[in-house]
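Step one of this worksheet: look at the structure below.
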Amino acid sequence: MYYICGKDKFSTMKKLFEYSRPVENQDFVGRKSEIEKISTNFIFLTNTILLAPQGLGKSSLIRKAAAVASGKEKKLRFCYMDLFNVRNEERFFELFVESILKAISPTFEDVVNNLSKFFTHPVPKLNFTSPAVDGIKIDFDWVEVRRYREWLLGVPAKIAES
């Protein structure tokens, strides 16, 4: 158990943080100038890269800056992808499509509709383990994916246009 000093007394927390999971909401403290810079980059659609060793809070910082930017610019949408265990192109494209669908589809019905609306080349196969959006899994015909790589990478722009 960790002890955190409050204004007038000590309070307790079960965990200070959980390694490999982003810190969110009231647990995120400090880094105001970095948050402001990154959120401004997001609002002005400036490509931004953060480089640092594992465990220094890059994901937490990005999520906090995204929340700030979303509060200022209501049309912004964020799609989060964890590429740490991606070892090949096939897994990248599966995760890419799954992440996009989860970001734009609040319900399973929306997943199906958005899949047929935006992903026409190559046609992905949808598998699901539960009716929740988190239970989706995408499969592709990899010969087709190799022919349509550039097209797939352009899908987020097509979604933004619509």
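The values are calculated or read from the model by the stated rules, or taken from the named source; none is laboratory data. All figures in this text were calculated on a predicted structure; none of them were measured in a lab. Reconstructed Cβ throughout: ideal geometry from the backbone, glycine too, with neighbour counts over all protein chains shown. Accessible surface is based on the protein model in full, side chains and every heavy atom, while ligands, DNA and RNA are left aside. Shrake-Rupley method; radii C 1.70, N 1.55, O 1.52, S 1.80 Å.
Data table
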| item | result |
| --- | --- |
| Neighbour-limited loop hits for trypsin sites (Lys or Arg not before Pro), the stretch 78-107 (at most 16 other Cβ within 10 Å; DSSP other than H, G, I, E, B) | 87 |
| Local electrostatic count at residue 81 - Lys and Arg +1, Asp and Glu -1, tallied over other residues with Cβ under 12 Å | -1 |
| Residue pairs, from the table 37/72; 75/117; 137/158; 32/158; 37/117; 75/102, whose Cα atoms sit over 25 Å apart | 32/158; 37/117 |
| Efficiency of FRET from Cβ geometry, residue 34 and residue 82, R₀ 22 Å, rounded to 0.05 | 0.60 |
| Whole-Hz couplings from phi, Karplus 6.51/-1.76/1.60, listed for the stretch 31-39; x for Gly and Pro | 6, 4, 5, 5, 4, 4, 5, 5, 5 |
| Solvent-accessible area of residue 33 with every protein chain in place, 1.4 Å probe, in Å² to the nearest 10 | 90 Å² |
| Estimated vicinal HN-Hα couplings, Hz - the stretch 63-75 in sequence order (Karplus 6.51, -1.76, 1.60; Gly, Pro = x) | 5, 5, 5, 5, 5, 5, 4, 5, x, 8, 10, 5, 7 |
| Chymotrypsin sites (Phe, Trp or Tyr not before Pro) within the stretch 72-117, DSSP loop, no more than 11 other Cβ atoms inside 10 Å | 84 |
| GluC sites (Glu not before Pro) lying in DSSP loop within the stretch 21-126, provided at most 10 other Cβ fall within 10 Å | none |
